[in-house]
1. When a/c is below 1.5 the answer is rounded, else prolate if a/b is larger than b/c, else oblate, so apply that to the chain with a ≥ b ≥ c taken from the square roots of the Cα gyration tensor eigenvalues.
2. GLU96 to CYS131: FRET efficiency via 1/(1 + (r/R0)^6), r the Cβ-Cβ distance, R0 35 Å, to the nearest 0.05?
3. Nearest 5 percent is fine: what portion of the DSSP beta bridges confined to the chain is antiparallel?
4. What lysines sit close enough to LYS188 to cross-link, taking a C-alpha to C-alpha distance under 28 Å and skipping anything fewer than 8 places away on the same chain?
5. Hey, with R₀ at 30 Å, roughly what FRET efficiency would THR174 and ALA77 work out to, going by the Cβ-Cβ distance, to 0.05?
6. With a 1.4 Å probe and all protein chains left in place, how much accessible area per residue does the chain have, in Å²?
7. Using a probe of 1.4 angstrom, how much of the accessible area of segment 162-216 is carbon and sulfur, in percent?
8. Given points 7 Å out from each Cα along the Cα-Cβ axis, report the ILE157 to ILE214 separation in nanometres with one decimal.
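The values are calculated or read from the model by the stated rules, or taken from the named source; none is laboratory data. These numbers were taken from a predicted model, which means no experiment stands behind them. For neighbour counting, all protein chains shown are included, and Cβ atoms are generated from backbone atoms with ideal geometry for every residue, glycine included. Ligands, DNA and RNA are excluded from the accessible area calculation, which covers all protein heavy atoms including side chains. Shrake-Rupley method; radii C 1.70, N 1.55, O 1.52, S 1.80 Å.
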Amino acid sequence: MNVILLGPPGAGKGTQARKIVDEFDFDYISTGDMLRKEVESASRLGKIAKSYMNKGDLVPDSHIVEMIVDNLGELNARNLIDGFPRNISQAEALNEKLTENQQKIAVVLHMNVDDEELINRLSTRAVCISCQAPYKLKSPDEILNINCNNSPNKDCIIKVRDDDNPKSVARRITVYKNETFPVVKYYKDLNVNLVDIDARGTEDEIFQEISKFIVV
Ligand code: ADP
């Protein structure tokens, strides 16, 4: 069963993903997290990806397809996919692979939030670099006093993501509108089960809504 989380940066995909995984037992596949690990380890892919990510641009498809689609065959039956596909050609590559594996997309959860709220959320966000749990900051100095409650790694560091600066945030929102949003129509045209989720409420309210569409 493949569930896809689609939505602009700051929509809360990662937050909801954690809740879905806890409640419904999925394998969580986040291309953003995978790429950040590559950057951390300064791998060949990480070195290439870093400049694209910091600017808020998409990492070129060839690298992403190599990282994700080529590994899909080995994945278990219950996948929660976050951050992919991010453009039509990635959606086509995913479709091809799923057809080859005789798998389907059970549901695409399309999370909607207005730009003002996205910018507000991302400008006050820090994350645990170990488990990616998000924290809301009252001021940037606050980071020094936060401990991550979720991470098993006690020495983990909480920081503002390199791409959560105003310029990259603006670019990520534009890239979402131009490249990722057309994927919604692509799936609707293919009659894939796509549901619009109003992602402005509390984490629990949104999770309640999302849970209705995850068939166990
Ligand atoms: P967000 O949704 O908050 O922008 P992610 O963690 O999903 O954050 O992604 C961070 C960055 O990683 C993106 O801005 C982009 O540079 C890169 N990235 C993630 N997934 C993909 C993808 N499927 N294709 C290309 N680049 C990607």
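1. rounded
2. In this case the efficiency is close to 0.60.
3. In the chain, approximately 20 percent of DSSP beta bridges are antiparallel ones.
4. Cross-link targets: LYS13, LYS19, LYS97, LYS104, LYS177, LYS212.
5. Between THR174 and ALA77 the formula returns 0.25.
6. Ligands and nucleic acids excluded, the figure is 54 Å² per residue.
7. 52 percent
8. 3.1 nm
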